[in-house]
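Working notes, beginning with the structure itself.
The values are calculated or read from the model by the stated rules, or taken from the named source; none is laboratory data. Predicted model, so just to flag it, every value in this text is computed and none were measured. Here Cβ is always computed from backbone atoms with ideal geometry, including for glycine, and neighbour counts include all displayed protein chains. SASA here: full protein model, heavy atoms, side chains in, ligands and nucleic acids out. Shrake-Rupley method; radii C 1.70, N 1.55, O 1.52, S 1.80 Å.
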Amino acid sequence: DIFSVFFKMKKIKSIAYTVTNYAYLHKAIALKKSFQKNNNLRLRIFLFEEKNNIPNNIYSNEYEFLSDLKIHNYYQLAFKYNVTEFTTSLKPTISLKLLQKYDKVLFFDPDTFIYNSVNQILKKLDKYSIVLTPHSIHHEDHNSIYPDSSFLKYGVFNLGFFGVNASKDSINFLKWWEKRCLNQCYFEVHNGLSTDQKWINIAHAFFNNIFIDKSPSLNVAYWNIKRRKFSQKDTSIYVGNTKLVFIHYSNFPDKIENFLSTR
């Protein structure tokens with residue numbers, strides 16, 4: 001049965017990963033370097049490109065080809081979805097494959113930068129099966145730039161990050177999410193879909209042992225940065241009383257860098 005694959009094999013430590021195309025590879029490399037600078041863990045970059053289409057480059061040893069994972073219907077999915085839909089659709093599948101070898105798996109979008117250790121997340125995965133972060137930890141009125149209603153459109157949780165461990169709760173969750181992502185990972189907000197994210201709105205109704213991490217130091221992004229209070233102590237950036245762990249730049253680096261430089 002499915003659980004024998006995950007629980008009979010001896011697991012080795014934790015791993016992080018991201019998925020990207022060649023156009024975003026420079027961002028994924030920055031993520032990898034920042035992650036491994038602050039953590040004694042490896043981050044794997046999965047590239048969804050044809051090998052023959054990638055020129056020789058200095059980063060050729062930094063990434064792996066997604067096609068080598070032998071994902072079922074890989075090319076059909078590539079044809080079915082656009083770039084964003086395709087990459088997000090494969091996150092549950094890749095996580096399941098990694099959990100055959102690793103005891104904890106963290107995912108980060110390629111446009112993320114790590115500023116500190118992720119130990120606080122890994123410790124949560126000692127107790128909980130799944131760790132998620134909400135788009136925002138503060139409610140906003142309708143006249144805000146990013147009101148609460150925007151998260152009804154795009155999802156309560158930002159799946160630019162999540163963490164899972166090799167438990168039955170986690171495997172059941174990922175199999176459920178995988179099936180929906182492989183079939184209905186469309187960006188069609190008029191149909192109630194926002195790639196992989198909207199499905200997680202209802203995950204709590206079906207699965208146990210999910211932890212919603214509301215730490216302001218995680219998943220800082222343009223849609224929530226206005227509500228985060230930054231300070232600098234010695235060489236570290238703090239968000240509230242906690243050291244900043246990661247920023248999800250999400251296509252808006254100038255806005256966030258300008259904001260941080262004026263604090």
(request) Identify, among ASN119, HIS204, HIS248, the residue whose Cα sits farthest towards the positive end of the charge dipole of the chain, taking +1 on the Cβ of Lys and Arg and -1 on the Cβ of Asp and Glu, with the dipole about the Cα centre. (result) ASN119
(request) Go through region 189-198 residue by residue and turn each phi into a ³J(HN,Hα) via Karplus (6.51, -1.76, 1.60, θ = phi - 60°); whole Hz please, and just put x for glycine and proline. (result) 5, 5, 9, x, 10, 9, 6, 8, 7, 5
(message) Rolling a 1.4 Å sphere over the protein heavy atoms, what is the accessible area per residue of region 137-248, to the nearest Å²?
(response) 51
(request) Compute the relative contact order of the chain as a whole-number percentage, counting only Cα pairs closer than 8 Å that sit 6 or more residues apart in sequence. (result) 20
(request) Can you give me the three principal axis dimensions of region 201-243 from its C-alpha atoms, in Å, biggest first? (result) 44, 21, 11
(request) Tabulate in residue order the Karplus-calculated ³J(HN,Hα) for region 201-206, using 6.51 cos²θ - 1.76 cosθ + 1.60 with θ = phi - 60°, rounded to whole Hz; enter x for Gly and Pro. (result) 4, 9, 4, 4, 6, 10
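With charges set only on the Cβ (+1 for Lys and Arg, -1 for Asp and Glu), what does the dipole of the chain come to about its Cα centre, in debye to the nearest 20? Walk me through the numbers before you get to the answer.
Details: 35 positive and 22 negative charges, 180 e Å.
With only Lys, Arg, Asp and Glu charged at Cβ, the dipole is about 860 debye.
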(request) Have a look at PHE161, HIS72, ASN57 and report the one farthest towards the positive end of the charge dipole of the chain, computed about the Cα centre with Cβ charges (Lys/Arg +1, Asp/Glu -1). (result) PHE161
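What is region 81-184's relative contact order, in percent, from Cα pairs under 8 angstrom and six or more apart in sequence?
Values: 103 pairs, mean separation 44.3, N = 104.
This gives 43 percent for region 81-184.
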(request) Divide by every residue of the chain the summed helix terms, -39500 (n - 2.57) for each DSSP H run of at least 4, and state the resulting mean residue ellipticity at 222 nm, rounded to the nearest 500 deg cm²/dmol. (result) -9500 deg cm²/dmol
(message) How big is the dipole moment of region 108-177 about its Cα centre under a simple scheme where the beta carbon of each Lys and Arg is +1, that of each Asp and Glu is -1, and everything else is neutral? Debye, nearest 20, please.
(response) 400
(request) Using a 1.4 Å probe and ignoring any ligands, DNA or RNA, find the accessible area of VAL83 and quote it in Å² to the nearest 10. (result) 80
(message) From Cα pairs below 8 angstrom and at least 6 apart in sequence, can you work out the relative contact order of region 39-91, rounded to a whole percent?
(response) 32
(message) Under a crude label model (7 Å from the Cα following the beta-carbon direction), how far is TYR186 from ILE137 in nanometres?
(response) 3.6
(request) Report, to the nearest whole %, how much of the accessible area of region 70-128 belongs to carbon and sulfur atoms, 1.4 Å probe, protein only. (result) 54
(request) Consider just the alpha-carbon atoms of the chain and return their Rg together with their Dmax, both in angstrom. (result) 18.0, 55
(request) Of the DSSP beta bridges with both residues in the chain, give the percent that are antiparallel, rounding to the nearest 5. (result) 55
